[in-house]
1. For an R0 of 60 angstrom, estimate the FRET efficiency from the Cβ-Cβ distance between His178 and Asp374 and round to the nearest 0.05.
2. Once the other residues with Cβ under 10 Å from the Cβ of Arg160 are scored (Lys, Arg +1; Asp, Glu -1), what is the net sum?
3. Where does each of 408-419, 112-123, 320-331 land if you order them by average Cβ count within 10 Å, highest first?
4. Applying a 10 Å radius around every beta-carbon, put 459-472, 51-64 in order of their mean neighbour count, most first.
5. Order 173-179, 128-134 from most to least packed using the mean count of other Cβ atoms within 10 Å.
6. Using only the Cα atoms of region 187-250, build the gyration tensor, take square roots of its eigenvalues as a ≥ b ≥ c, and label the shape rounded, prolate or oblate: rounded if a/c is under 1.5, else prolate if a/b is larger than b/c, else oblate.
7. Counting only heavy atoms of protein chains, what accessible area per residue, in Å², does the chain have with a probe of 1.4 Å?
8. In nm, give the distance between the simple-model label positions of Cys113 and Trp37, each being 7 Å from the Cα along the Cα-to-Cβ direction.
Amino acid sequence: MYIAARVGSLRTCCLPIVSTDNGDGSMDDSTSPDTQWDRTVVAARHLAPFADQRQVKPEYITVMVRGEGMNLWDSEGKHYLDGMSGLFCTALGYGREELVEAATRQMRQLSFCSPYMNFTHPPLARLAEKLFAILPERYGRVIYCNSGSEANETLIRTVRRYWDTVGRPKKKIFISRHNGYHGSTMGSASLGGFKAMHDMGGLPIPGIHHIGEPYWFACTDDLTEEEFGLRAAGELEEKILELGPDNVAAFVGEPFQAAGGFIFPPSTYWPEIQRICRKYDVLLCVDEVVGGFGRTGEWFSHQLYGIEPDTISVAKGLTSGYVPMGGLIISNRIADAIVAGGLYAHVFTYQGHPLAAAVACANLDLLNDGGIVDKVKSHTGPYLQQALRETFSHHPLVWEVQGFGAAAALQLAPVKGEKQRFADEDIVGMYCTQRATELGLLVRASMSRMILAPALTATRGEIDEIVRRLKSAVDRTAQALKMM
Ligand code: PXG
């Protein structure tokens, strides 16, 4: 049920963010001419990503000039703690010397080489060794690309190729979810379930269908979380039967919906999805672009749910966001069939780029041999999760804290203990985001869920500070809503 709980009072307070409050009460309002120029040119010469273009004004833009560890500084000298690892990608934080060195060395040694036409280069083989060392044995091959969107485009083409090669060319349809996010290209945005994206460009492309999301907070029926998980998964079986099992190629989903709000599904959901996929011989494809490489304390977030997907889409954390790189990891079953099938007509100029591969190797060395993922699983991850639950469990504005490892969300709601939603959820989330930004904490909202994804290298001290600033932002939001 939606209720209009005093949200109107927030609306006027929301845009723009022009405050330069440092969080400790001090203010910087010196704006250098260079910074003015940066802002003006950026606003005038680009279309801002995923933004209402009418709202993009030079004075709203923040010019970031330096990053170190979890810290960012803007051109006004204001300091921020980055609570969302850039766009959920800078897993090792900023300015990590090992990655800088790997990139510099490789640029000097061999700045370009494509695995096309039987060429290769040493970082590519090294990366395969390191990548498959962290994967279970059922995965055989990887196709590299430059982003998560390209990984999911590659997914569509590769899965269809697989079914062709095993003599089932009718199996072409993909099923994915409303409020899932898989990228911004035609195929990946079609796999995604964002209405605004579908409205732009006439999506989804043919052959992609959507079912509901496993978002228990939004369920108004009287079901336990576990019952709801089974029902949400049951929508897949209904959809497969409606479309015909002989026509359905794959189900695609993020193990937890990232852009959709860091929504972690009920524990019953994924095992049931896997059972249904196996029953109808539908491939199970997970998008680990955000969840991959240790974000939840597991190497891949689907491992939280004990499932064994056929493909894994990756990007972001593969290079800690230092250089673009994505990939589609495929099972032996798929790889063997495609190899036996002959021509695989797919190539990107920058596929397996030596610079990206060298950085990915250095990144995986730190995450694996450097023990960073282990630490998230057994130390800093549980510490963050406990700190959030202790701080927010009794907060009047927080309905629930969800998360694992270094990924978490606070569900904001108007009535403690009841599954009610704000009428203008996006305004509440945006208001809270802006208060956090003023306090020097970068987090973002998805509707009324506050999302947290700090670097995997965050120390306990940094986690304490993130939670402290987030608490102040949530308190200020609750006060503005007259809830405390
Ligand atoms: N899959 C998932 C699960 C993602 O989150 C992509 C694919 C596409 O990746 P590329 O590299 O093509 O962007 C993503 C991207 C946000 C936000 O604010 C999230 C993404 C990108 C930009 C903003 O939630 N995720």
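The values are calculated or read from the model by the stated rules, or taken from the named source; none is laboratory data. Computed from a prediction, not measured in an experiment: that's the story for all the values here. All Cβ positions, even for glycine, are placed from backbone atoms using ideal geometry, and neighbour counts span all protein chains on display. To get the accessible areas, we keep the full protein, side chains included, count just its heavy atoms, and leave off ligands, DNA and RNA. Shrake-Rupley method; radii C 1.70, N 1.55, O 1.52, S 1.80 Å.
1. For His178 and Asp374, the calculated efficiency is 0.95.
2. That works out to +3.
3. Ranking the peptides 408-419, 112-123, 320-331 by packing returns 320-331, 408-419, 112-123.
4. Answer by packing, highest mean first, reads 459-472, 51-64.
5. Averaged packing, sorted descending, gives the order 173-179, 128-134.
6. It is oblate, given that a/c is not under 1.5 and a/b is not larger than b/c.
7. Computed with neighbouring chains in place, this is 43 Å² per residue.
8. 4.0 nm
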